[in-house]
């Protein structure tokens, strides 16, 4: 291969890039030249063929198949291009299904269902000739002010890792490579600002930020990783071999391909100033371990070629990257593909897509509070309210149901003349279908953003005439200043945007029972809505639940669906309490030596149901366990209410005395358990002691002997049934061979039905 042919294989080309802003500093960075010239020597990646503008999938597939044939027949080496797309909430393409956002995946606590979703996404992608998906996001949430919270799964690394790995398994089972984002440190930025420095220590990186990626590499077998834009303690990740080579490849044995986040190679010059020009930036990135520059070849083409020919960079770095990329193409079958028959029809939003979208939406919605007003049809249709005031800016909005990386909010927002291309009922439409005998009056009241209060009196008047008022408030997802949450939409305040709090409180003052529905991409500081005598009668939290989100919410409001979601992130007290995680040491919580209270309004794992559960008899099979081995924990869960429901059984631990400070609570395992009224289940957790591993004072990953407190409750803050175990023996150094992931099983009381977690959920 000539140098030009090598470089062509380690860059992408953004064929349809236009004026729509869908990536940071997009207009300033794309400099790859005309497509025909850029592909004269071949091409590594085609960037977002389907996902940059609304295109008919079948017609676009015809173009893609023809273009792949051209690359085979008209370039000297005849190597087709690898096609990548965004797929965080479903394939980001026109007419494709839009699933709940990742924060909703976390709220479901259901890795198996997330794996089902990812399999459907992968099937659609493979049918359209797409080979790599830029998902999942495995950043651990640290600060609710950060705009990209809705793209993340949870504030707990174990939940992020198990659910993220399930996504990887599902997508890759279809022959599409998943891409882990954003490795590493991106979500730990200062003040919750996008692209801000991360001033964090190596132990925090090791014990909190790396484990989800480690799970996806070791247990998910992920084939691609994307670097983070972040700089950690002054070292940009994209120029730091410690992360992209030493840890990823050396320690974990990753043998796939590392791709750059969009323009991040050029950012080494432009935003980090560790490179004098694009050529030096390219050399730094290649040396660090970034194999492919996306979305275009701003640095890896002419600037790098010039540097190599000047004797300033070693061509061996290019050879290493090219071999990795070619191995990936061979693994995907691209080197043998003839691209003769493009699809002539395709259903990107089939009944199977909608079924999974519905179930995941239903499982993800969290009932925060309920004084008894819900369910609205609690005693049957005759008891349902006759007149409902449906109020708020998100009450009749489809866009409010979708996240930042949905095609609708990411791309179609720039094409208002184009229909969505799939069905997504608003809550107003869904509630009318759910309660056909009720008179439902819809009043906006106020916008998501802005200071206009002129609509509030009409909302108040309608509430005064109603039996119940449902007020639907929250976010509008977008990018870089368009919207209230999403990439580049960071917040200085965690108050509801605009005058939405005033709208809720004005309706609440009428005396009509009020149900607040929060449709958001981040948790907001809504202590006024969940606590105190003046709080609304009930509050539902929905994190952008997708195309079936409105029927799911309507079903929970009516009582047809039992709420089962749990908070994957603590409900914050204020913006001033950020960053916050329930995984804090003693000094990270409230104390008598500070007047600032960071106790969340509602804790991680909280979520109500329409029934009640009793958790009893937590026992450990053996009181001691050798460091490096596993121990078995059992408890009984009983549905003590009058309705069927789902409990999310959460097992927590605290290492009481350790050589470095440890969290006051740590999730060891979780399991969804469905029970009929009066039903009882025995839940068993097989817990590897490596789940309690940490980085010691010498920066070794170890399991340390000592006493461990265990408990199960309705959240991390509730110790309903407790036990203890003592880890014994010498310190155990953790290796890649250690089992670190909890296995659970449920045995019904009758002993007839025996259920085990899907393998993906078990070993994730």
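Each reported figure results from applying straightforward, stated rules to the coordinates on display, with no laboratory input. Values in this document were obtained by computation on a predicted structure and should not be read as measured data. Note that each Cβ is placed from the backbone with ideal geometry, even for glycine, and that neighbours are counted across all protein chains shown.
Say R0 is 30 Å: what FRET efficiency, to the nearest 0.05, do residue 173 and residue 62 get from their beta-carbon distance? Present the calculation step by step, with values, prior to reporting the outcome.
Values: r = 27 Å, r/R0 = 0.90.
It comes to 0.65.
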Most exposed first, judged by fewest Cβ atoms within 10 angstrom, 246, 490, 156, 534 run 534, 246, 490, 156
Classify the stretch 613-763 as rounded, prolate or oblate, taking a ≥ b ≥ c as the square roots of the eigenvalues of its Cα gyration tensor: rounded when a/c is under 1.5, otherwise prolate if a/b is larger than b/c and oblate if not.
-> prolate
In a Debye calculation with equal point scatterers on the alpha-carbon sites of the stretch 365-588 and no solvent, what is log10 I(q)/I(0) at q = 0.08, 0.17 Å⁻¹?
-> -0.27, -1.26
Helix 111-127: inclination vs the chain longest Cα principal axis, degrees, rounded to 10, gives 40 degrees
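I'd like the FRET efficiency for residue 722 and residue 574, computed as 1/(1 + (r/R0)^6) with the beta carbon distance as r and R0 of 25 Å, rounded to 0.05. Could the numbers behind the result be given before it?
On the way: r = 31 Å, r/R0 = 1.25.
In this case the efficiency is close to 0.20.
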Gain upon complete extension [residue 464, residue 344; 0.36 nm per residue less C-alpha separation] = 37.7 nm
Degrees, to the nearest 10: 351-364 long Cα axis against longest axis of the chain = 60 degrees
Which value in deg cm²/dmol, rounded to the nearest 500, describes the helix-derived mean residue ellipticity at 222 nm for the chain, given -39,500 (n - 2.57) per DSSP H run of n ≥ 4 and division by the residue count?
-> -7000 deg cm²/dmol
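Packing-wise, with mean Cβ within 10 Å as the measure, how do 449-455, 165-171 rank, highest first? The partial results should precede the final answer.
Numbers: 449-455: 12.1, 165-171: 30.0.
By packing density, highest mean first, the sequence is 165-171, 449-455.
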Over the chain, what is the relative contact order in whole percent, taking alpha-carbon pairs under 8 Å and six or more residues apart?
-> 13 percent
Where does the stretch 3-331 land on Rg/Rh, using Cα atoms and the Kirkwood Rh?
-> 0.94
In nm, what is the difference between 0.36 nm times the number of residues separating residue 270 and residue 587 and their Cα-Cα distance?
-> 110.3 nm
Rounded to the nearest 10 degrees, what's the angle between the helix 278-288 long axis and the longest principal axis of the chain, both from Cα atoms, 0 to 90?
-> 70 degrees
Treat each spin label as a single point 7 Å out from the Cα along the C-beta direction, and report the residue 4 to residue 417 distance in nm.
-> 4.0 nm
FRET efficiency, residue 482 to residue 502 (Cβ-Cβ, R0 30 Å, nearest 0.05) = 0.80
For 125, 271, 402, 226, ascending order of other Cβ atoms within 10 Å (fewest first) is 271, 226, 125, 402
Rounded, prolate or oblate: which fits the stretch 36-83 when a ≥ b ≥ c are the square roots of the eigenvalues of the alpha-carbon gyration tensor, with rounded for a/c under 1.5 and prolate only if a/b beats b/c?
-> prolate
To the nearest µm²/s, what D does Stokes-Einstein give for the chain at 10 °C and 1.306 mPa s, using the Kirkwood radius over alpha carbon pairs as Rh?
-> 59 µm²/s
What do you get when you divide the Cα radius of gyration of the stretch 535-620 by 2.2 N^0.38 Å, with N the number of residues?
-> 1.40
Backbone N under 16 Å from the residue 191 label point (7 Å along Cα→Cβ), restricted to the stretch 464-495 | 488-494
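If you rank 195, 182 by fewest surrounding Cβ atoms within 10 Å, what's the result?
Values: 195 19, 182 23.
Least crowded to most crowded, the residues run 195, 182.
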